Amino acid sequence: MKSLVIAEKPSVARDIARVLKCGKQINGAMEGSSYVVTWGLGHLVTLADPEDYDKKYKEWKMEDLPMMPKPFKLEVIRQTAKQYQAVKAQLFRKDIGGIIIATDAGREGELVARLILKKAECKKPIKRLWISSVTDKAIREGFLRLKDGREYDKLYDAAMCRAEADWLVGINATRALTCKYNAQLSCGRVQTPTLAMIAAREKEIKGFVPKPYYGLKADWKQGDGGHLSLAWQDGKSGSLRSFDKARMEELRKRLQGQKGMVEDIRRSVKKTPAPLLYDLTELQREANRRFNYSAKDTLNIMQRLYENHKVLTYPRTDSRYLSSDILPTIKERLAACGVGPYKKAAAKAGRQALPAKPFFVDNAKVSDHHAIIPTEQFVQLDHMTVDERRIYDLVVRRFLAVLYPPCEYEQVKLTVGVEKECFLAHGTVVKNLGWREVYEGGSAMEEGGFDAFGNWKEDLSEEEGYQEEAAFKAGGGEVSGRLSLLKKGDLTGSLTVAMTEGKTKPPAPFNEASLLSAMENPAAYLETKDKAMAKTLGETGGLGTVATRADIIEKLFSSFLAEKRGKDIFLTAKGRQLLELVPEDLKKPELTAQWEMKLAGIAGGSLKRDVFMEEIRGYSLQLITQIRMGEGTFRHENLTNTKCPDCGKRMLLVKGKNCEMLVCQDRECGHRETIARTSNARCPVCHKKMELRGKGDGQIFVCKCGYKEKLSAFQERRKREGAGVTKKDVARYMNQQKKEASQPVNNAFAVALAGIKLEEK
């Protein structure tokens with residue numbers, strides 16, 4: 001008997017088939033002596049739409065809510081139905097004795113395969129392939145340690161509960177809002193709190209009143225090049241700034257030209273280990289900061305590096321650590337990635353012995369997948385696009401960095417007294433580059449890279465502590481030259497004192513990097529300020545998962561609830577109105593934290609699936625009641641001055657995929673008329689498809705390039721150009737061309753020669 005392997009995507013299926021020696025191509029699968037490998041195209045099966053339960057749900061009516069299917073039905077996704085039928089045919093082959101699930105190792109991957117099996121009603125025994133990369137070695141080793149599929153039943157239950165809960169809450173609440181306010185309004189347990197965080201940040205920025213602050217900078221320069229720059233510090237508060245301008249002006253005048261005495265000097269040697277390895281969210285943040293990649297773009301690039309190039313491990317991970325079983329493979333991974341710009345650094349990393357307990361190895365902090373690192377697959381950099389090279393560079397350098405020793409530096413902190421006032425300075429001298437050597441001369445050490453202390457120099461303008469740091473830098477506070485040799489009790493020369501000033505800054509608007517951070521750790525946006533809840537949010541991964549956050553952000557843009565202005569993200573008018581109309585619970589991060597905690601309990605076996613779903617049904621009913629009783633109003637942005645011919649109300653301009661329509665704002669009226677549609681007619685200037693606008697004889701073709709043509713003129717032009725050729729005419733012509741192409745090229749010449757009679761002379 002053979003085993004049927006179900007992969008998530010064709011590319012992964014091909015890799016598995018090659019390793020398992022399945023070379024025979026059949027319909028939607030590849031077959032070998034012991035295995036048949038087939039694949040999904042992502043999800044092939046999903047939860048059925050409401051109208052599949054009752055035809056009345058085709059119309060959105062408040063009185064039909066709530067919709068509470070029990071049990072839920074499944075439907076084959078229409079676009080991928082052909083592949084589903086191919087998989088189903090393989091499932092019920094008589095020579096197939098068991099199923100091996102080889103979809104992505106995670107909650108969603110488990111759901112992909114189980115839904116196919118459930119829809120097909122296949123009861124054959126299941127085994128699970130659980131691997132974090134799709135290299136030949138990983139596949140071979142994975143098949144040697146296949147696990148019983150029953151071990152993942154609870155993981156499937158958790159995935160199914162999440163899907164069903166999102167269906168109940170999302171569809172019911174979305175339909176209720178749409179019916180109540182006559183507008184296309186959508187909400188959900190993750191997207192709505194994310195929208196609320198953007199609104200909270202905008203409110204904070206709008207309400208911020210900048211305050212001027214002042215500091216003092218004292219300089220002492222010597223002829224030999226020595227230089228000492230000091231920043232004033234308040235003796236009581238320890239702050240480097242003051243909001244009292246008069247006081248600072250008085251101090252400047254009093255201290256001008258005075259000498260100072262070194263009251264304290266501290267020298268300490270410090271070590272800074274390399275930053276932790278990447279999980280998906282951290283990689284998305286850094287790619288956005290450096291290259292302005294969206295979270296979705298970064299995930300797509302990572303997916304190609306994982307599936308197609310096979311040079312990086314599984315991307316959808318929330319861990320920044322490795323498990324101990326990965327350590328024996330490090331030398332192979334170094335050999336694979338040690339090419340081109342990484343050759344020298346990889347060779348040196350391979351020669352260095354790892355400590356007994358590396359800081360980046362922690363089995364307890366690795367759940368389903370370890371951090372993103374290179375695979376054992378040989379790398380061909382010239383086969384990558386520029387975007388792929390950039391992401392690969394980030395991952396490889398971070399991987400090499402953790403294998404290097406810490407960066408060692410000496411820190412000097414100097415305290416100088418001037419007329420009973422305190423001034424500070426500090427200096428840093430790198431003793432051993434350590435892991436920073438990996439970035440020396442590399443792309444990762446560009447502007448905005450790591451500072452002398454081994455920390456990433458992010459834009460921290462939104463942080464309160466940044467104000468102090470900015471004041472310190474503005475006030476000087478640097479030691480250089482021979483003056484770094486100063487001792488306690490030494491006197492300075494006459495100081496040049498200047499007053500510095502600045503203004504407090506509001507928090508920066510969200511960009512994708514900072515929004516991802518807020519979604520990952522939304523504790524600051526908790527209304528309850530409950531420490532236990534904040535801890536739960538941290539443990540359950542915040543809003544969404546590493547695999548879904550990119551899609552959530554993209555959905556906010558596609559549904560016109562949020563928009564980008566440069567890198568920054570802002571709410572639209574539609575988004576602001578939605579937040580005023582949606583029930584309060586749906587705007588809170590607490591809700592998602594509770595859900596994720598319970599889903600983790602289902603996966604772990606501490607919570608029953610039925611108990612969770614009954615809670616969700618009750619909550620969905622509660623939401624609909626709140627929406628139905630709401631007293632708010634919605635103002636349509638797309639309202640036109642055209643009145644409906646049936647009810648007289650103003651109509652809405654709606655842009656569909658291939659047309660523009662005027663739709664009555666009264667859903668009960670339902671009148672609609674097409675005012676423009678994308679035709680198959682091509683513009684004679686730019687050859688793009690033109691829109692047909694108007695009615696009757698007044699219809700006109702309009703192109704984006706500016707070309708316009710009446711329908712009557714277009715028809716006349718087509719007649720002159722010989723239009724009207726049917727598909728049959730085209731087919732007949734193509735068959736004739738094919739027939740002529742199969743004949744000898746000199747056939748006509750040969751026929752002519754055959755008629756010539758040559759007489760002998």
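Miscellaneous remarks
- The test for being buried (at least 19 other Cβ atoms within 10 Å of the Cβ), closer than 30 Å to residue 378 by Cα and hydrophobic (A, V, I, L, M, F, W, C) holds for residue 105.
- Look at (1) outside any loop (DSSP other than H, G, I, E, B); (2) surrounded by fewer than 16 Cβ atoms within 10 Å (Cβ to Cβ); (3) of a type in the set (A, V, I, L, M, F, W, C) and you find that residue 519 fails only one, number (2).
- Per-region count, the stretch 159-177, residues surrounded by fewer than 21 Cβ atoms within 10 Å (Cβ to Cβ) and either of a type outside the set (A, V, I, L, M, F, W, C) or not in a helix (DSSP H, G or I) (or both): 4
- Test: residue 11 is outside any strand (DSSP E or B) and touching a residue at least 60 places away in the same chain (Cβ under 8 Å): yes
- Residue within the stretch 599-610 that is touching a residue at least 40 places away in the same chain (Cβ under 8 Å), outside any helix (DSSP H, G or I) and not assigned by TED's automatic domain parsing to the domain that holds residue 71 present: yes
- Taking (1) surrounded by fewer than 16 Cβ atoms within 10 Å (Cβ to Cβ); (2) at negative phi in turn, residue 334 satisfies each apart from (1).
- The stretch 290-333, residues that are farther than 20 Å from residue 385 by Cβ, in contact (Cβ under 8 Å) with a residue 40 or more places away in the chain and of a type outside the set (S, T, N, Q): 314, 316, 318, 320, 321, 322, 326, 330, 332, 333
- Options 25, 85: the member that is in a helix (DSSP H, G or I) and over 20 Å from residue 135 (Cα atoms): 85
- Options 463, 458, 520; residue that is at pLDDT below 90 and in contact with a Gly (Cβ under 6 Å, 6 or more places away or on another chain): 520
- Filter pass, residue 366 being buried (at least 16 other Cβ atoms within 10 Å of the Cβ), out of contact with any Ser or Thr (no Cβ under 9 Å at 6 or more places or on another chain), farther than 22 Å from residue 405 by Cα and not basic (Lys, Arg): no
Okay, residues lined up against (1) of a type in the set (Gly, Ala, Ser); (2) modelled with pLDDT of 90 or more; (3) out of contact with any Lys or Arg (no Cβ under 8 Å at 6 or more places or on another chain); (4) within 30 Å of residue 492 (Cα to Cα):
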| position | (1), (2), (3), (4) |
| --- | --- |
| 336 | yes, yes, yes, no |
| 346 | yes, yes, yes, no |
| 356 | yes, no, yes, no |
| 366 | no, no, yes, no |
| 372 | no, yes, yes, no |
| 418 | no, yes, no, yes |
| 422 | no, yes, yes, yes |
| 433 | no, yes, yes, no |
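- Just one residue in the set 590, 580, 596 is assigned to a helix (DSSP H, G or I), farther than 27 Å from residue 632 by Cβ and among the acidic types (Asp, Glu); that residue is 596.
- Residue pairs whose Cβ atoms lie under 8 Å apart, separated by 6 or more positions or on different chains, with the first residue in the stretch 372-395 and more than 18 Å from residue 132 (Cα to Cα) and the second among the acidic types (Asp, Glu), are 387/297; 394/286.
- Test: residue in the stretch 360-374 that is closer than 16 Å to residue 302 by Cα, within 25 Å of the chain's Cα centre (by Cα) and not in a loop (DSSP other than H, G, I, E, B): yes
- Sole residue being closer than 30 Å to residue 500 by Cβ and assigned by TED's automatic domain parsing to the domain that holds residue 537, chosen from 189, 201: 201
- Residue in the stretch 133-143 that is part of a helix (DSSP H, G or I), surrounded by 14 or more Cβ atoms within 10 Å (Cβ to Cβ) and touching a strand residue (DSSP E or B) at 6+ places or on another chain (Cβ under 6 Å) present: no
- In this structure, residue 599 does not satisfy being among the hydrophobic types (A, V, I, L, M, F, W, C) and more than 29 Å from the chain's Cα centre (by Cα).
- Residue in the stretch 193-215 that is under 26 Å from residue 582 (Cβ atoms), among the basic types (Lys, Arg) and buried (at least 18 other Cβ atoms within 10 Å of the Cβ) present: yes
- Applying the criterion of being polar (S, T, N, Q), over 49 Å from the mean Cα position of the chain (by Cα) and not in a loop (DSSP other than H, G, I, E, B) to the residues of the stretch 695-753, the residue that is modelled with the highest pLDDT is 712.
- Residue ID - modelled with the lowest pLDDT, chosen from residues in the stretch 546-572 that are more than 17 Å from the chain's Cα centre (by Cα) and in a strand (DSSP E or B): 565
- Residue in the stretch 618-631 that is modelled with the lowest pLDDT, counting only those that are touching a Lys or Arg at 6+ places or on another chain (Cβ under 8 Å) and surrounded by fewer than 19 Cβ atoms within 10 Å (Cβ to Cβ): 630
- Selection within the stretch 611-640 - in a loop (DSSP other than H, G, I, E, B), touching a helix residue (DSSP H, G or I) at 6+ places or on another chain (Cβ under 8 Å) and not hydrophobic (A, V, I, L, M, F, W, C): 630, 632, 633, 635, 637
- For the stretch 259-274, the condition holds for no residue, the condition being that it is surrounded by fewer than 17 Cβ atoms within 10 Å (Cβ to Cβ) and either under 23 Å from residue 8 (Cβ atoms) or in contact with a His (Cβ under 7 Å, 6 or more places away or on another chain) (or both).
The values are calculated or read from the model by the stated rules, or taken from the named source; none is laboratory data. The structure displayed is predicted, hence computed values, not measured ones. Here Cβ is always computed from backbone atoms with ideal geometry, including for glycine, and neighbour counts include all displayed protein chains.
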